[in-house]
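Everything below concerns the one structure shown next.
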Amino acid sequence: MAYDNDNIFAKILRGEIPAFKVHEDENVLAFMDIMPQADGHVLVIPKTPAVTLLDLPADAAATTIQAVQKVARGLKAALNVEGIVLMQLSGEAAGQTVPHVHFHLIPTHIHHLGKH
Ligand code: 5GP
């Protein structure tokens with residue numbers, strides 16, 4: 001499938017649509033999911049235009065997974081999460097809805113300080 005420059009994440013990357021950003025560098029952007037499956041649900045995307053993980057050059061895949069790890073550590077530090085589910089849907093058949101490759105980080109078991 002050809003890359004669609006008008007997909008919603010391309011627009012977020014260009015700043016045409018707002019997003020709550022949690023991390024950005026020259027290679028990647030991380031932002032809060034607009035319909036979170038759990039508190040702290042973050043999406044990490046490469047700036048390289050690619051529809052699925054299979055389309056992503058290896059160097060971009062490497063910098064993206066490094067950013068996933070950085071964001072995961074940030075979630076643990078900021079939200080005191082006990083676990084994080086990492087999800088990546090490649091292809092419509094897998095349930096992918098936005099045609100720009102993205103990794104979901106979905107926290108589980110957030111420990112709220114002061115509670116048991
Ligand atoms: P997929 O099903 O393609 O793996 O996930 C797409 C994700 O993008 C969904 O979790 C959805 O909530 C999120 N999403 C869709 N549109 C927007 C948007 O405009 N802004 C943000 N922040 N997230 C979006």
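The values are calculated or read from the model by the stated rules, or taken from the named source; none is laboratory data. From a predicted model like this one, the values you see are computed outputs, not experimental measurements. So basically every Cβ, Gly included, is an ideal-geometry build from the backbone, and we count neighbours across all protein chains shown.
Within the set of pairs 6+ apart or on separate chains, which have a first residue in the stretch 35-50 that is closer than 9 Å to Val101 by Cβ, a second that is assigned to a strand (DSSP E or B) and within 12 Å of the ligand (Cβ to nearest atom), and C-beta atoms under 9 Å apart?
Taking only residues 6 or more apart or on different chains, the pairs are Ile45/Leu29; Ile45/Ala30; Ile45/Phe31; Ile45/Phe103; Pro46/Leu29.
Take Ala77 and tell me if it is surrounded by fewer than 13 Cβ atoms within 10 Å (Cβ to Cβ) and small (Gly, Ala, Ser). Don't jump to the end; show me each part of the working.
Values: surrounded by fewer than 13 Cβ atoms within 10 Å (Cβ to Cβ): yes; small (Gly, Ala, Ser): yes.
So Ala77 passes the test.
Give the stretch 32-66 a look and list any residue that's away from the ligand (no atom under 12 Å from the Cβ) and among the acidic types (Asp, Glu), or say none.
Going through the stretch 32-66, the residues away from the ligand (no atom under 12 Å from the Cβ) turn out to be 39-40, 46-50, 54-66.
Correct list: Asp39, Asp55, Asp59.
Residue-by-condition table, conditions (1) buried (at least 16 other Cβ atoms within 10 Å of the Cβ); (2) in contact with a strand residue (DSSP E or B) (Cβ under 7 Å, 6 or more places away or on another chain); (3) at pLDDT 95 or above:
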residue: Leu43; (1), (2), (3): yes, yes, yes
residue: Leu56; (1), (2), (3): yes, yes, yes
residue: Gln66; (1), (2), (3): no, no, yes
residue: Pro99; (1), (2), (3): yes, no, yes
residue: His109; (1), (2), (3): no, yes, no
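Does Ala19 satisfy the criteria of being of a type in the set (Gly, Ala, Ser), surrounded by 14 or more Cβ atoms within 10 Å (Cβ to Cβ) and in a loop (DSSP other than H, G, I, E, B)? Reasoning before the result, please.
Values: of a type in the set (Gly, Ala, Ser): yes; surrounded by 14 or more Cβ atoms within 10 Å (Cβ to Cβ): yes; in a loop (DSSP other than H, G, I, E, B): yes.
Spelling it out, Ala19 is indeed of a type in the set (Gly, Ala, Ser), surrounded by 14 or more Cβ atoms within 10 Å (Cβ to Cβ) and in a loop (DSSP other than H, G, I, E, B).
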